[in-house]
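The values are calculated or read from the model by the stated rules, or taken from the named source; none is laboratory data. Computed from a predicted model, the values in this text were never measured in an experiment. As a convention, Cβ positions derive from the backbone with ideal geometry for all residues, glycine included, and neighbour counts pool all protein chains shown. Side chains are part of the model used for accessible areas, which takes the heavy atoms of the whole protein and leaves out ligands, DNA and RNA. Shrake-Rupley method; radii C 1.70, N 1.55, O 1.52, S 1.80 Å.
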Amino acid sequence: LDLLQVILGSNNSAQSHLIEIHLGQEAKLEHGWIAFGDKKSCLLANLAIAQEPRSHYSLTSIHNGWSLGRFEPQIIQVDGQATTKIKGLQFSSASQQLETHSLVRFDGPEGSLEQLQKAAATGNSHCIFNGAIDVPRVAQKTNAAQLSRNLLMSNRARIDTKPELTIVADDVR
């Protein structure tokens, strides 16, 4: 399935979204999330994904224009052997604050993750990326990669990046 969600915020709007998706065995979802705000609009969005074995989930997200925007994708690989790809882009300007707080948890062996988060900030804006990856002992042979690339385009802009890796399994790459 290919799914594209477009969220538009107008002046002084406040939006809250919760999306729950459960991918069965061998299911494949290409998910696009585009969120454009305007002026003083605010966005709070939670995305909860559960993946069964041999499922493939791909998320591409773009955030821009929100006075305050917070995006929280949480992905659980239920019994392992699932593939997850996440690509995110935030662009903030003026005095905007855009946040992405992701969590990927592996609850079984042989799961994989490729995550790339990019941000560009100008003016007096602030971008935040907090990427949590949880690999418990049951998730042997997990292959996970996380990369954050950022561009500051003014002296007053800020970008904070915080990886949170909890790895208990012995056989992890």
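With (1) among the hydrophobic types (A, V, I, L, M, F, W, C); (2) within 30 Å of Gln25 (Cβ to Cβ); (3) open to solvent by 10 Å² or more (accessible area, probe 1.4 Å); (4) part of a strand (DSSP E or B) as the list, and Val104 as the residue in question, which single condition is left unmet?
(3)
Being part of a loop (DSSP other than H, G, I, E, B), open to solvent by 70 Å² or more (accessible area, probe 1.4 Å) and either under 30 Å from Ser67 (Cβ atoms) or among the small types (Gly, Ala, Ser) (or both) is true for just one of Asn124, Asn150. Which residue is that?
Working: Asn150 fails: part of a loop (DSSP other than H, G, I, E, B).
From the options Asn124, Asn150, the qualifying one is Asn124.
Just give me the residues in segment 2-23 being at negative phi, open to solvent by 30 Å² or more (accessible area, probe 1.4 Å) and outside any strand (DSSP E or B), in sequence order.
Within segment 2-23, Ser10, Asn11 meet the criteria.
Looking at segment 79-99, I want the residues that are at pLDDT below 95 and have a partner that is crowded, with 21+ Cβ neighbours inside 10 Å and part of a strand (DSSP E or B) with Cβ atoms under 7 Å, at least 6 apart or on another chain. Which pairs are those?
As it stands, the answer is Gly80/Phe106, since those pairs meet every condition given.
Across segment 31-80, what is the total count of residues that are in a loop (DSSP other than H, G, I, E, B), surrounded by fewer than 16 Cβ atoms within 10 Å (Cβ to Cβ) and in contact with a strand residue (DSSP E or B) (Cβ under 8 Å, 6 or more places away or on another chain)?
1
I'd like the full set of residues that are crowded, with 23+ Cβ neighbours inside 10 Å and either part of a strand (DSSP E or B) or of a type in the set (Gly, Ala, Ser) (or both), limited to segment 87-101. Steps first, please.
Going residue by residue through segment 87-101, those that are crowded, with 23+ Cβ neighbours inside 10 Å are 90, 92, 96, 98, 100.
Residues satisfying the conditions are Gln90, Ser92, Leu98, Thr100.
Results for (1) out of contact with any Phe, Trp or Tyr (no Cβ under 7 Å at 6 or more places or on another chain); (2) more than 17 Å from Gln90 (Cβ to Cβ), shown as yes or no for each residue.
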| site | (1), (2) |
| --- | --- |
| Leu4 | yes, yes |
| Ser13 | yes, yes |
| His22 | yes, yes |
| Phe36 | yes, no |
| Ile62 | yes, no |
| Gly65 | no, no |
| Leu68 | yes, no |
